Amino acid sequence: MDKPNIKPNIINFSSGPCAKHPGFDVKELESALFGRSHRSKDGKSRINKSVDMMREILKLPEEYLIGIVPGSDTGAIEIALWNVLGERGVDVLFHDAFGQAWAKDVINNLRLDDVKMFKAEYGDLPETSGVSKDRDVIFVYNGTTSGVKFDNLDFISNEREGLSICDATSAVFAYDMDWKKLDIVTFSWQKVLGGEAAHGVMILSPRAVKRLDRSIPNWPVPKLFNLKNADGSLNRKIFEGDTINTPSMLCIEDLILALNWAKSVGGLDGLMKRTESNLQAVTDWINTSSWCRFLAKIEKNRSSTSICLEVKDEEFNALPLEEQKAKINEMVSLLEKEKVAYDIKSYKDAPLGLRIWGGATVETSDIKALLPWLDYAFYQAFKGKV
Ligand SMILES: Cc1ncc(COP(=O)(O)O)c(C=O)c1O
């Protein structure tokens, strides 16, 4: 098989940190508020500008709060769990490595005794019919490590008493989020926006605010995680540009750049079209592939951001796992050496395969240029097949 002669322009296909937006130029960050306090008038105004832009692009209902918190998405979701849980039983849904991590938090760290698990294997979604409207529910919207997303949130009742708590880090800015079903949503800029990591974002519905005004955590909450005032009510200032601790003003400026780009491609609708087009390019290729398939079993649940693939070739799958791993390693090193793709191996705890980021910052032309190289790399690693 001949080596393809076209290479992607941008070869960053990692699922986090993800590719910077097209046209990103680090020089445009020179105006960041270096050496200035985030609590100064200017500092606060940049933070609030970024928050207002996120709100506008996400079409967030006016009554929802949005704030920046420490610790990237992990920080945001754990801050939520540590501040709100304990009032009632919890249903934890998981279909990927991160959902499993939040389940461990609830059981091993917070030690809640009334927890129900709804688990799915990689490639599937959990069965949701037993999710109770009276309990809190925790779930990952888009399994970044499994390439499986929820296509609707019908399992969350509009009459719920519990809170729906959603880690949506690889979903926000890629999908139309059904806000009325969501009480706490977390994400980080490093995914669909191609922003920087280290900061997380937390969105709260009015119901979540009410819970936070009355919840009394039954465990220690460090200052870094604390969303509350001394009297136990929600510290609303965190959602008005007053961060818990010091954010990076450089990251805030980088976020504003990414959001300006997002607006320039048509806002949320434009971002969604871009990621859908990336998935379509991979789908067209998969439909004719003799050796590769999606890890996600059901088409409507295929993620368009973290596109997870596995080898379907029977001879390959008959090899001992160690040899399969060696072949995949060979493929990804070849693609890296040829300067065609970085970081496309499947997540360490997920089934062996490839994972290509298809979020909005990746150009469809780059995905299209990559695909023939996957055939070539498979052919090289597994001689004569394709
Ligand atoms: C679904 C999900 N949750 C949480 C995380 C952790 O994100 P962060 O490293 O931004 O804390 C990731 C990272 O890939 C993820 O995919």
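Things worth noting here:
- Mean residue ellipticity (222 nm) of the chain, computed from DSSP H runs ≥ 4 via -39,500 (n - 2.57), nearest 500: -10000 deg cm²/dmol
- The magnitude of the dipole of the chain, with charges of +1 and -1 set on the Cβ of Lys/Arg and Asp/Glu and taken from the Cα centre, is near 620 debye.
- Cα→Cβ-extended label distance, 7 Å offset, between I298 and E276, nm: 2.0
- Peptide packing for 50-62, 77-89, 339-351 was compared via the average number of neighbouring C-beta atoms within 10 Å per residue; ordered from the highest value, the list is 77-89, 339-351, 50-62.
- Crossing angle, helix 249-264 versus the chain [Cα axis fit, 0-90 degrees, rounded to tens]: 70
- Shape category assigned to region 1-148 from the gyration tensor of Cα positions, a/c cut at 1.5: oblate
- Listed by chain and number, the lysines placed with their C-alpha closer than 17 angstrom to that of K228 are K210, K237; residues fewer than eight positions away on the same chain are left out.
- Build a GNM of the chain with springs between Cα atoms under 10 Å apart, and of L309, L110, L259 the one that fluctuates most is L110.
- Under 5 Å, built H, 5+ apart or other chain: amide partners of S164: V137, D183, I184
- For region 107-119, Karplus couplings with θ = phi - 60° (6.51, -1.76, 1.60), whole Hz, Gly/Pro x: 8, 8, 9, 7, 6, 6, 9, 9, 10, 10, 9, 10, 9
- By DSSP, the beta bridges lying fully in the chain are antiparallel in about 60 percent of cases.
- Within region 251-294: backbone nitrogen closer than 16 Å to the I66 label point (7 Å, Cα to C-beta): 252-272
- Virtual paramagnetic centre 7 Å along Cα→Cβ of S132, amide N under 19 Å, in region 141-167: 155-165
- Net length gained if the chain between R39 and K210 were fully extended (0.36 nm per residue, minus Cα distance): 58.9 nm
- Candidates R46, R135, R111: whichever shows maximal mean-square fluctuation once the chain is modelled as a Gaussian network with Cα springs under 10 Å: R111
- Inter-centroid distance (Cα atoms) of region 1-39 relative to region 193-221, Å: 29
- GNM top mover of E363, E330, E30 - the chain, alpha-carbon springs below 10 Å: E30
- Global form of the chain, assessed from the alpha-carbon gyration tensor, a/c cut-off 1.5: oblate
- In Hz, Karplus ³J(HN,Hα) per residue of region 56-73 (6.51, -1.76, 1.60; θ = phi - 60°; x = Gly, Pro): 5, 5, 7, 6, 6, x, 3, 7, 8, 9, 9, x, 9, 10, x, x, 6, 5
- Sparse packing (at most 10 other Cβ atoms within 10 Å of the Cβ) combined with a DSSP loop state is found for none of the chymotrypsin sites (Phe, Trp or Tyr not before Pro) in region 261-293.
- Note, ³J(HN,Hα) from phi for region 168-179, Karplus 6.51, -1.76, 1.60, rounded to Hz, x at Gly and Pro: 10, 5, 9, 10, 5, 6, 10, 10, 7, 6, 8, 4
- Residues whose amide H falls under 5 Å from that of R302, counting only those 5 or more places apart or on a different chain, are K149, with hydrogens built in the peptide plane.
- Here the dipole of region 33-92 is about 500 debye; that uses its Cα centre as origin and unit charges on the Cβ of Lys and Arg (positive) and Asp and Glu (negative).
- Cβ crowding within 10 Å averaged over residues, with 11-20, 295-304, 91-100 ranked highest first: 91-100, 11-20, 295-304
- Count Lys and Arg as plus one, Asp and Glu as minus one, and take only other residues whose Cβ is under 13 Å from that of S157; the net charge is then -2.
- For region 266-381: rounded, prolate or oblate by the Cα gyration tensor [a/c cutoff 1.5]: prolate
Since every read-out is calculated from the coordinates, none of them should be taken as a lab result. Since we're looking at a predicted model, the values are computed, not measured. Every residue, glycine as well, gets a Cβ built from its backbone with ideal geometry; the counts of neighbours run over all protein chains shown.
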